[in-house]
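Remarks on the structure that follows.
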Amino acid sequence: MTTIATEIVKEHLKNEHLAGALSPEKKAEYVASIKEQLKQNNAVLVAHYYTEPEIQALAEETGGCVSDSLEMARFGRDHPAEMLIVAGVKFMGETAKILSPEKRVLMPELEATCSLDIGCPADDFSDFCDQHPDHEVVVYANTSAAVKARADWVVTSSIALDVVDHLAAEGKKVIWAPDKHLGSYVQRETGVEMLMWDGACIVHEEFKAKGILDLKAFHPNAAVLVHPESPASVVDIADFVGSTTQIINAAIDMDNSTFIVATDRGIFYKLQQLAPNKTFLEAPTAGNGAACRSCAHCPWMAMNELEGIAKVFKRSDVEIFVDEGVRVKAMKPLTRMLDFAQSLKLGVKGNA
Ligand code: SF4
């Protein structure tokens, strides 16, 4: 499955139109237009940590939210706006629609997907689950609505360990999908044997332990912060392993003044905002042949641009719809995740 996803990404990158940088005047024009249209449409902008800094700043300025997929889902559900503008990738828009069917959910680019989502087709996954009916089905948030509808639990990387621990305490056997790296990290940490789907994130998979160790040789006091979608060899050399939110909290809490960060570079906006006196270095990736363009930046997250957001309000082809039968089924494991997260009281330190 990983190979299929990687090939799709390479094809996409080959055909991708690289837009020139916007002038400051044009940016200001789009920003003003978006602010006005958010007000006119009673809409709110919900952005992921991996989107461009200007989009994150705009979401914050306009009373929206910048966060991980767990908090994006919760924020969108609880916000009184009639319309959610989701800057992220498609499964995030679908999750928003599942939880808030009465709201219109628009995304600047419906082509923005995720290699984990692509690598886990709903029919194949359902067949796999059918072969193991005595297993509890746990899927990562980075999946389609149809895959979520087949699951007992949805998890994000913030709560994966807690949920699997909880299921193990109840004596449940676990199917895990789709990220094999996160799954093997959870397996190692909890000691729970899991039947694993073979998916991977094309960004995190490119981090290499050697490159990080070489960089650390120049910065011996730097702490290495790693997202668990990275390969085990990278996780093994980390000083801290956690979700995006947990990485931000670790950077605030740890005494180190320098950090090597192995996750999408979009997170640097929030890291620099919440820990302004610290230095953050991008963990090196694999080189020119890598599927993620070797820049530690998700090609699909990069499709979210100011221009696209400014035009989203007047387009009829960028609205997210989810089949009602699928939505009702997917709602159950998603609500279970949000209730479970609420019981753990997760959140970002110092985040407004
Ligand atoms: S960074 Fe990886 S996991 Fe996140 S959306 Fe991109 S491909 Fe998917």
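A short reminder: the numbers here are calculations on the coordinates, not readings from a lab. If you're wondering where the values come from, they're calculated on a predicted model, not measured in any experiment. Virtual Cβ from ideal backbone geometry, glycine too; neighbours counted across all protein chains shown.
All other residues with a Cβ under 10 Å from the Cβ of K148 taken together, and with Lys, Arg as +1 and Asp, Glu as -1, what is their net charge? Could the numbers behind the result be given before it?
Numbers: positive: R150, R327, K329, K332; negative: E94.
Local charge sum for K148: +3.
Relative contact order for the chain: what percent, with Cα pairs under 8 Å and sequence separation of 6 or more?
Numbers: 663 pairs, mean separation 73.3, N = 352.
RCO, the chain: 21 percent.
State the Kirkwood hydrodynamic radius of the chain in Å, one decimal place, computed from all pairs of distinct Cα atoms. Don't skip to the answer; put the middle values down first.
Working: mean 1/r = 0.0487 Å⁻¹.
This gives a value of 20.5 Å.
For D134, what is the net charge nearby, where nearby means another residue's Cβ is under 14 Å from its Cβ and Lys, Arg count +1, Asp, Glu -1?
Numbers: positive: K172, K173; negative: D130, E136, D152, E170, E193.
Once positives and negatives cancel, what remains is -3.
What is the sum of charges around A160, taking Lys and Arg as +1, Asp and Glu as -1, for the other residues whose C-beta is under 10 Å from the C-beta of A160? Could the numbers behind the result be given before it?
Working: positive: none; negative: D162, D165, D179, E189.
Surrounding charge for A160 is -4.
Let's test the formula: R0 of 51 Å, r as the Cβ-Cβ distance of D124 and Q40. What FRET efficiency results, to the nearest 0.05?
Values: r = 43 Å, r/R0 = 0.85.
FRET efficiency, D124 to Q40: 0.75.
In segment 204-282, if every C-alpha pair distance is counted and binned at 5 Å from zero, what percent goes to each bin?
3, 17, 32, 27, 17, 4, 0
Could you work out how far the C-alpha centroid of segment 26-97 sits from that of segment 114-135, in angstrom?
Distance between centres, Cα-based: 30 Å.
Determine, for T51, T190, T335, the number of other Cβ atoms within 10 Å of each Cβ, and report the residues in order from fewest to most. Don't skip to the answer; put the middle values down first.
Values: T51 28, T190 19, T335 15.
Taking fewest neighbouring Cβ atoms as first place, the list is T335, T190, T51.
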